[in-house]
Amino acid sequence: MSDREWCSVKRRVGQKTAGEAISRAVLAVCTLVMVTFHSINPSYASSSSLAERVIEHRLANGLTVLMVERHQTPIVSINITFAVGGINEQVGQTGIAHLYEHMAFKGTRMIGTTNYEEEKPILDELARVGTELDQRQRDGDANGAKATDEEGTTIESLRKRFADLQAQAAEYVVGNEMALLYQRHGGVGLNASTGKDLTRYMISFPSNRLPLWAAIESDRMAHPVLREFYKERGVVMEERRLRNDDSPNGLLFETFTSAAFRAHSYGIPTIGWGSDILSLTPADTEAFFKTHYGPNRATIALVGDINPRDVITLIEQTFGKIPAAPPPPSLVTVEPEQRGERRVEVEFDAEPAIVIGYHKPTLGDPDDDVFDVIDAVLSEGLTSRLHQKLVREKRIAASVGSDASHPGARAPNLFIVTATPLAPHTTAEVEAAIYEELERLKREPVSSKELEKVLNNLDADLVRGLRSNSGLASQLALYQAVAGDWQYILTSRDKIAKVTAADVQRVATQYFTKSNRTVAVLMKKGNAKAAAARPVSGVRP
Amino acid sequence: MKRGRADWMNMRSEVARLLGVVVLLLVSGSVAYSADLEAEDPRTMTFEPVEFSPPEPERVVLDNGLVVYLLEDHELPLVTITATMRTGSWLDPADKVGLAAMTGAVMRAGGGGGLSAEQVDAELDQFAGDVHIGIGRQSGSASLDVLSKDLDRGLEIFAGLIRSPAFEPARLELAKLQAIESIRRRQDSPGSIVSREFSKALYGADHPTARESSVDSIKRLTRQDLVAFHRHTIHPNGMLLGVTGDFTRDELLASLRKVFGDWQTGTVPELKIPDVSEADLSQSVIRFINKDTSQTHLRVGHLSIKESDPDYVALAIANDILGGSSFRSRLFNDVRTKRGLAYSVGSRLYTGMHDQGVWMMRAETKMTSTQEVIERFVANMERMRGEPVTDAELAEAKEAYVNSFVFSFASPSAIVSRLIELEYDGLPKDFLQQLRAQVIQLTKEDVLAAAKKHLRPDRLKIIAVGSGDALTKALSAFGDVKEIKLSPEG
């Protein structure tokens, strides 16, 4: 199916946003194959050659700025991307990257308050009381019925004090002032998202308002204030219920991914486990910000009606004042090799679905480019193999898709295939048919026509990626943050062009093995005896 | 929800909802920024308004009545063609609901113009050409998106599918199986259930704007039904084409005449949707659907005005302040920011020209806060009716509308789509500019009067999806509660 639908399959997976409209795309998922700009076809080089249009600037504090001029309309789209996300979290504090992203909309010492000097001691005391209250309530829950009257009385008085402090703090709040400023000045698309790899903040507005943006965003990068913390924690819990607990696909992917990764933080849901969210403190969240939000971890991409020289001056004068931060702790955990198939099931009041995933290397490994080709051969377009075979010929699936970078791209990840069976066919039948197609990749070389199709679509998508200001800003910042260089967009295209039929056979044979795979099945509740979660007999790896 | 129509329709609703636009902005890339950078307080910054004159598309009518809007844009080697067709599922016979949608799906999937389905798919995929065809409730839409080097061939295929679809039996059979599967999956997600049941509660389950296909109605569809539906409803004189991108006018018109010029005119169906009776409008209703969920999924609202109503602008601004403007709105601030009771909360005014609009508030919240959220809905609604909005709220809403107006003209395809949708709806081409002028003139009294007249607590329909007994109890604070039993097939 179209790129769009293909992308929407991936959209179920990982990203969380603060605004109302949430795209759940895993960053770097809809990316490698779908979005690229560069074209080998020389006839398009002049108009679509990104290399000539991107202007790059780096500040002394490490902040990277990428700019593309487009003067048709007096508007600009801006994407600020930080190389921080769920991947940086520890067990017990899961969801902290996403909660911080929500808190980043609460303002600064200047925005969102009537008087920060007076507000601050109240916020400090609220954090102290709130943290103690959380702690005592957890202890109380752990002790169960054994809680004494004395403990009960202490908790009750803490609750009263907490409610009182919240009311006092609320007196100083100017609600959602940052968003209000943007909207008054014509801002649209104000939003943010947190994924496994990255946290991103986006906005579009009339381009003569750049000084407003620079003032707001440099202030937020330097002096955020975590006001209304406990209310926002409640909002995030509602978000978790909405996306993961009440969503069959949300719960299926959460369960699948945490089964596939047992050590690496890719296994943790980006939104966090409910118990962890409810234990996050203002102090933890502030510390997370200080560790991970330095300007040296940020890329700002601006696309639209801008004058790059003026933009650089503006950004130097504002963001340039922010000191560089020390490098964050390095990521140490490496997922151990998987030594046997893992199967999990999720019961839900919904029709069945299946996800199958294989561990693989990520960006920078030549095999990763081969997976991008496999991904396209299997599921891009109506003539892709899985669609043709499962949907059209066998008529056993209602939909099928794949993704070469689940749930992120900064660390070794998974190649996944997802499908929904067409009743009365079962997930077991669909699973067997998927394995047949994976086996075929090992057995016979893909045709040169298929490889040509992959490349034609990649090149067309590169040109299409230039169409919207916000889309281009997003792609530039994404690759700068994930691959360390936006030009990865161009180099990956050339590497994909070099992938051969023999590469595909070799990679399929090496990675698509039974012991390297994880299978998750969504089963209709009360219908659990269906054969769904049993291993498929008669189909090898 | 109410818009079963093509995407472009939603686009305008969206813009209109945010009331987003007014003074054409000015800005030039070479102007250095005038604000005082040392002041650094964004709250006190002011900027020049920006003059911006969007390019004017050309409108050409072919001899057979086919209307073409053209706007060249040579930045990228791409061409996009859209077709908007006066057809839709309001024409579905009562026992064959789903016919229009199925016709659109199989026009795309079933081959045409002398090519087999497989040939069409293979050729388009090979040169990365995108073709979509769909028929919604009040219009049909098709699009072609190709690299400009493939324009001629892409256009031939595109025109073949629209004019002479083959409706290959195997592809129809597959599309029917897929449609039945999606009916089976309708009850999977609480969000989908609550939207569909809310729509049915407002319009009635058999109304063209709310009715749904069933396994039986899909099974009944034959190839002959699709052929006849296509033949009777899709005509050149009922179609508006929009062409943007890297083409030249004369060559393109010649190509269009080649593929569409000898297509005979026909009788274009009249787009007429019956109004819901006053008796049904005035009834307040509380219904729940029992599903094992962690949250209550809520929709609260009633039918509303059409876009041509003289109160449209005032009501749209009232809704914007109440719950339409996300972060800035009262409902967002009250229910989400201050109380932490929901992630997604707000209100919407959906309006069109052909059926009554919908005004509604929505949220998802944990079971124990369901009653509080509904109370906040009602309280905020009453406040809109009881007292004028503040000067600051009105000024902010106006500024947001005026300063974001330029985004209605953000790209050549946005400009062309807007003109096409206005023509389709019989509205003047400067309709948005007229709205903008009205927004600027609007007073607090206008907003209050519109809220009083059009936000009606006595007519509220409350629809909730959630877990059983506790939910019934929470809802019963607002009146008599009845359960909607879902059929397993959707």
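The values are calculated or read from the model by the stated rules, or taken from the named source; none is laboratory data. As the structure is a computational prediction, the values presented were derived from the model and not from experiment. As a convention, Cβ positions derive from the backbone with ideal geometry for all residues, glycine included, and neighbour counts pool all protein chains shown.
Looking across the range B:110-160, the residues that are within 12 Å of chain A (Cβ to nearest Cβ) and of a type in the set (S, T, N, Q) come down to B:Gln119, B:Gln126, B:Ser143, B:Ser148.
B:Gln187 fulfils the conditions (1) touching a Leu at 6+ places or on another chain (Cβ under 9 Å); (2) modelled with pLDDT of 95 or more; (3) assigned to a loop (DSSP other than H, G, I, E, B) except for a single criterion, (2). If you check A:Leu458 against the conditions, is it within 12 Å of chain B (Cβ to nearest Cβ) and farther than 23 Å from A:Arg493 by Cα? So A:Leu458 does not fit the description; no.
Selection of first residues in the range A:163-178 that are over 12 Å from A:Glu119 (Cα atoms) and of second residues that are among the aromatic types (Phe, Trp, Tyr) and part of a helix (DSSP H, G or I), restricted to Cβ pairs under 6 Å at least 6 apart or on distinct chains, gives the following pairs, ordered by first then second residue: A:Asn176/B:Phe327. For A:Ser275, the stated conditions hold: it is surrounded by fewer than 16 Cβ atoms within 10 Å (Cβ to Cβ) and of a type in the set (S, T, N, Q). The residue list A:Ser402, A:Ser379 contains one member that is more than 14 Å from chain B (Cβ to nearest Cβ), of a type in the set (Ser, Thr, Tyr) and under 30 Å from A:Asn469 (Cβ atoms), which is A:Ser402. Would a scan of the range A:475-495 turn up a residue that is over 25 Å from A:His57 (Cα atoms) and either in contact with a helix residue (DSSP H, G or I) (Cβ under 6 Å, 6 or more places away or on another chain) or crowded, with 20+ Cβ neighbours inside 10 Å (or both)? Yes - at least one qualifying residue is present in the range A:475-495.
Of the helices (runs of 4 or more DSSP H) lying entirely inside the range B:363-436, those containing at least 3 residues that are farther than 30 Å from B:Thr244 by Cα, touching a residue at least 24 places away in the same chain (Cβ under 8 Å) and of a type in the set (S, T, N, Q) are B:370-386. Any residue in the range A:299-309 that is small (Gly, Ala, Ser) and under 30 Å from A:Leu414 (Cα atoms)? Yes: the range A:299-309 contains one or more residues that are small (Gly, Ala, Ser) and under 30 Å from A:Leu414 (Cα atoms).
Can we say B:Ser294 is out of contact with any helix residue (DSSP H, G or I) (no Cβ under 6 Å at 6 or more places or on another chain) and touching a residue at least 12 places away in the same chain (Cβ under 8 Å)? It is false that B:Ser294 is out of contact with any helix residue (DSSP H, G or I) (no Cβ under 6 Å at 6 or more places or on another chain) and touching a residue at least 12 places away in the same chain (Cβ under 8 Å). Residues that are touching a Gly at 6+ places or on another chain (Cβ under 6 Å), assigned by TED's automatic domain parsing to the domain that holds B:Ser404 and within 18 Å of A:Glu239 (Cβ to Cβ) occur in the range B:284-296; there is at least one. Filtered by the rule that a residue be aliphatic (A, V, I, L, M) and within 14 Å of chain A (Cβ to nearest Cβ), the range B:161-171 gives B:Leu161, B:Ala170.
Please find, within the range A:323-353, the residue that is surrounded by the most Cβ atoms within 10 Å (Cβ to Cβ) out of those that are under 23 Å from the mean Cα position of the chain (by Cα) and either within 14 Å of chain B (Cβ to nearest Cβ) or of a type in the set (Lys, Arg) (or both). My answer is A:Ala353.
Is it the case that the range A:100-111 has a residue that's within 12 Å of chain B (Cβ to nearest Cβ), over 29 Å from A:Arg240 (Cβ atoms) and not basic (Lys, Arg)? There is at least one residue in the range A:100-111 that is within 12 Å of chain B (Cβ to nearest Cβ), over 29 Å from A:Arg240 (Cβ atoms) and not basic (Lys, Arg).
The single condition among (1) of a type in the set (Val, Ile, Thr); (2) in the same structural domain as B:Ala170 (by TED's automatic domain parsing); (3) more than 23 Å from B:Pro165 (Cα to Cα) that B:Thr233 does not satisfy is (3). You will find that of B:Lys366, B:Lys398, the residue that is more than 19 Å from B:Arg348 (Cα to Cα) and in contact with a helix residue (DSSP H, G or I) (Cβ under 7 Å, 6 or more places away or on another chain) is B:Lys366 and no other.
Here B:Arg456 meets each of (1) surrounded by 16 or more Cβ atoms within 10 Å (Cβ to Cβ); (2) more than 25 Å from B:Leu341 (Cα to Cα); (3) away from every other protein chain (no Cβ under 14 Å) with one exception, condition (2). When restricted to residues that are hydroxyl-bearing (Ser, Thr, Tyr), in contact (Cβ under 8 Å) with a residue 24 or more places away in the chain, more than 12 Å from A:His98 (Cβ to Cβ) and in contact with a strand residue (DSSP E or B) (Cβ under 9 Å, 6 or more places away or on another chain), the range A:248-287 contains 3. Residues in the range B:142-167 that are part of a helix (DSSP H, G or I) and not aliphatic (A, V, I, L, M): B:Ser148, B:Lys149, B:Asp150, B:Asp152, B:Arg153, B:Gly154, B:Glu156, B:Phe158, B:Gly160, B:Arg163.
Scanning the range B:329-362 for residues that are of a type in the set (Phe, Trp, Tyr) and part of a strand (DSSP E or B) turns up B:Tyr350, B:Trp359. For the range B:71-82, a residue qualifies if it is of a type outside the set (Ser, Thr, Tyr) and either in a loop (DSSP other than H, G, I, E, B) or surrounded by 22 or more Cβ atoms within 10 Å (Cβ to Cβ) (or both), and the qualifying residues are B:Asp73, B:His74, B:Glu75, B:Leu76, B:Pro77, B:Leu78, B:Val79, B:Ile81. Could you go through the range B:215-223 and let me know if any residue there is crowded, with 17+ Cβ neighbours inside 10 Å and small (Gly, Ala, Ser). Yes: the range B:215-223 contains one or more residues that are crowded, with 17+ Cβ neighbours inside 10 Å and small (Gly, Ala, Ser). Look through the range B:83-107, keep the residues that are assigned to a loop (DSSP other than H, G, I, E, B) and of a type in the set (Val, Ile, Thr), and return whichever of them is farthest from B:Ser139 (Cα to Cα). Among those residues, the one meeting the criterion is B:Val97. Do we find a residue being more than 8 Å from chain A (Cβ to nearest Cβ), assigned to a helix (DSSP H, G or I) and touching a Lys or Arg at 6+ places or on another chain (Cβ under 6 Å) anywhere in the range B:310-327? The answer is yes, given that some residue of the range B:310-327 is more than 8 Å from chain A (Cβ to nearest Cβ), assigned to a helix (DSSP H, G or I) and touching a Lys or Arg at 6+ places or on another chain (Cβ under 6 Å).
No other residue among B:Ala228, B:Ala201, B:Ala205 is over 30 Å from A:Pro421 (Cα atoms), free of Cβ contacts under 8 Å to residues at least 24 places away in the same chain and of a type in the set (A, V, I, L, M) apart from B:Ala228.
Before we move on, is B:Asp206 within 30 Å of B:Gln119 (Cα to Cα) and either of a type in the set (D, E, K, R) or surrounded by fewer than 16 Cβ atoms within 10 Å (Cβ to Cβ) (or both)? The answer is no for B:Asp206.
Restricted to helices (runs of 4 or more DSSP H) entirely inside the range B:223-291, those with at least 1 residues that are within 22 Å of the chain's Cα centre (by Cα) are B:223-233.
On the stretch given as the range A:272-283, residues that are assigned to a helix (DSSP H, G or I), among the small types (Gly, Ala, Ser) and closer than 15 Å to A:Val235 by Cα total 2.
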